[in-house]
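**Q** Take this structure first; my questions come after.
Readers should treat all values here as calculations from the given coordinates under stated rules, not as data from a laboratory. As the structure is a computational prediction, the values presented were derived from the model and not from experiment. Backbone-built Cβ (ideal geometry, glycine too); neighbour counts: all protein chains shown.
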Amino acid sequence: MARVPYLDKHDLPAEYQDLLNRSINVTRALVHSPRAARKFGALGNYIRHGSTLDSRLSEMAIIQVGYLTRQPYEYSHHVKIGMDMGVSEDDIRAIAAETAGGTSSLDALSSAVIRAAREMTTDLTISDATFELLRDELGTERLIDLILAIATYNGVVRILGALQIDVEDDYLTYLEQFPLPGI
């Protein structure tokens with residue numbers, strides 16, 4: 001159960017009610033600080049809709065963060081978002097396989113993207129080899145957008161954990177179809 005109450009539109013002043021146009025639990029908790037929630041939402045919107053990085057690659061990196069940190073809210077939401085943006089079921093299974101140290105059929109760039117997400121999550125940096133490969137393949141701007149996405153969602157999983165945000169029923173099916181390790 002969440003550590004703060006989930007708010008609804010009627011709980012907010014009129015100028016902030018639009019924050020709950022997509023009424024998901026993380027937003028319903030964050031709107032206790034509506035100005036921060038607005039800025040937080042703007043960054044997420046940039047990552048999903050304004051970034052120069054291919055949406056599939058961005059979502060694979062975010063799914064990797066959720067999987068590696070075993071954060072059910074983040075993982076389930078981004079499995080759905082990712083599938084809407086071109087991430088396949090095989091891609092999701094590949095993330096699990098590569099996280100466990102196995103191999104997958106991912107292309108070299110996709111594999112490097114999720115490796116970068118693992119490295120930033122566990123080591124707080126990207127190895128020189130992974131960084132160089134990504135810079136060669138993506139260029140600097142898309143690489144920065146990737147790093148921003150990975151770093152942001154490493155922060156998001158900490159917010160979700162600290163507030164103990166509940167996974168909505170609509171997203172439980174993604175956890176059943178693609179279970180997190182050890183959960």
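**Q** Can you give the Kirkwood hydrodynamic radius for the range 54-177, in Å, rounded to one decimal and based on Cα pairs?
**A** Values: mean 1/r = 0.0694 Å⁻¹.
One over the average 1/r among Cα pairs gives 14.4 Å for the range 54-177.
**Q** Same structure, new question: Got a sec to turn the phi values of the range 146-160 into Karplus ³J(HN,Hα) couplings, 6.51 cos²θ - 1.76 cosθ + 1.60 with θ = phi - 60°, whole Hz, x for Gly and Pro?
**A** 5, 4, 4, 5, 4, 5, 4, 6, 5, x, 4, 4, 6, 4, 4
**Q** Shifting gears a bit: Sort Met85, Met60 so that the residue with the fewest other Cβ atoms within 10 Å of its own Cβ comes first and the one with the most comes last. Don't skip to the answer; put the middle values down first.
**A** Values: Met85 17, Met60 27.
Exposure proxy ranking, most exposed first: Met85, Met60.
**Q** Once the dipole of the chain is set up with Lys and Arg at +1 and Asp and Glu at -1 on Cβ about the Cα centre, which of Ile126, Phe40, Met83 lies farthest towards its positive end?
**A** With unit charges placed on the Cβ atoms, the residue in question is Phe40.
**Q** To continue, here is another question. Kirkwood hydrodynamic radius, the range 134-183, all distinct C-alpha pairs: what's the number in Å?
**A** Values: mean 1/r = 0.0745 Å⁻¹.
Final number for the Kirkwood radius of the range 134-183 is 13.4 Å.
**Q** Here's another thing I want to ask about it. Hey, fewest Cβ within 10 Å first, where do His32, His77, His49 land in order? Present the calculation step by step, with values, prior to reporting the outcome.
**A** Details: His32 15, His77 24, His49 9.
If I rank by nearby Cβ atoms, fewest first, I get His49, His32, His77.
**Q** Okay, moving on. Given the Cα-Cα distance of Ala2 and Thr140 and 0.36 nm per residue of separation, how much length would full extension add, in nm? Please list the in-between numbers first.
**A** Numbers: separation 138, 0.36 × 138 = 49.68 nm, distance 3.89 nm.
Difference between extended and current length: 45.8 nm.
**Q** Test of understanding: ordering Ile159, Ile92 by Cβ neighbours within 10 Å, fewest first, what list do you get?
**A** Details: Ile159 16, Ile92 23.
Placing the least packed residue first, the sequence is Ile159, Ile92.
**Q** What FRET efficiency comes out for the pair Arg38/Gln164, r = Cβ-Cβ distance, R0 = 35 Å, nearest 0.05?
**A** Numbers: r = 23 Å, r/R0 = 0.65.
Calculated transfer efficiency: 0.95.
**Q** Mean residue ellipticity at 222 nm from the helices of the chain, using -39,500 (n - 2.57) per DSSP H segment of n ≥ 4 over the full residue count, to the nearest 500 deg cm²/dmol?
**A** Numbers: 8 runs with 117 residues, N = 183.
So the helix-based figure for the chain works out to -21000 deg cm²/dmol.
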